[in-house]
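Student: Okay, here's the structure, questions in a sec.
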Ligand code: FE
């Protein structure tokens, strides 16, 4: 009986957060945190995407298709706002970095958030280009060229079909 009288409060205390400043201090980071693995990104569920996307969005995002120039949603779009990944909603580009490249595709000279846009070599169709994909879900976005305007000199040539636009009140 004596044991139970003392042990019960101890057991209850073990499950209750300690309000002392020491207990609220952030835990130190692990000594050797492994780099995020590719598997951590949002997986492309093709069947789910086929139902959710238009045929053109599906073709571009999953099979790296290219929409026609001057016949897509955002090539001549000038509203202020942000462009998101149509598949996973990651924020990709800002209208402030959009420029008229004359190509007929929406073009940006920079990304909005590093890591949300990934670039890697693409050797398809007998060309060596740099493919641009969503850094979160792997969805195809377009290609990157080094003939853009200052300050970056880059041209992210993106398919409208890969993008979802969210406008803001301010004007560009
Ligand atoms: Fe995405």
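The values are calculated or read from the model by the stated rules, or taken from the named source; none is laboratory data. Note that this is a predicted model, so its numbers are computed, not measured. A quick note on method: Cβ atoms are made from the backbone with ideal geometry, for glycine too, and the neighbour counts reach across all protein chains shown.
Student: Of everything in region 78-91 that's surrounded by fewer than 16 Cβ atoms within 10 Å (Cβ to Cβ) and more than 10 Å from residue 164 (Cα to Cα), which residue is farthest from the ligand (Cβ to nearest atom)?
Tutor: Checked region 78-91; the qualifying residue farthest from the ligand (Cβ to nearest atom) is 78.
Student: On to the next question. How many of the residues in region 138-168 are within 16 Å of the ligand (Cβ to nearest atom) and buried (at least 20 other Cβ atoms within 10 Å of the Cβ)?
Tutor: 11
Student: Before we move on, is residue 115 modelled with pLDDT under 95 and on the phi > 0 side of the Ramachandran plot?
Tutor: yes
Student: Quick one: which residue in 135, 115 is under 19 Å from residue 97 (Cβ atoms), in contact (Cβ under 8 Å) with a residue 60 or more places away in the chain and within 15 Å of the ligand (Cβ to nearest atom)?
Tutor: When all the criteria are applied, what remains is 135.
Student: Would you mind stating whether residue 19 is modelled with pLDDT of 50 or more and away from the ligand (no atom under 14 Å from the Cβ)?
Tutor: No.
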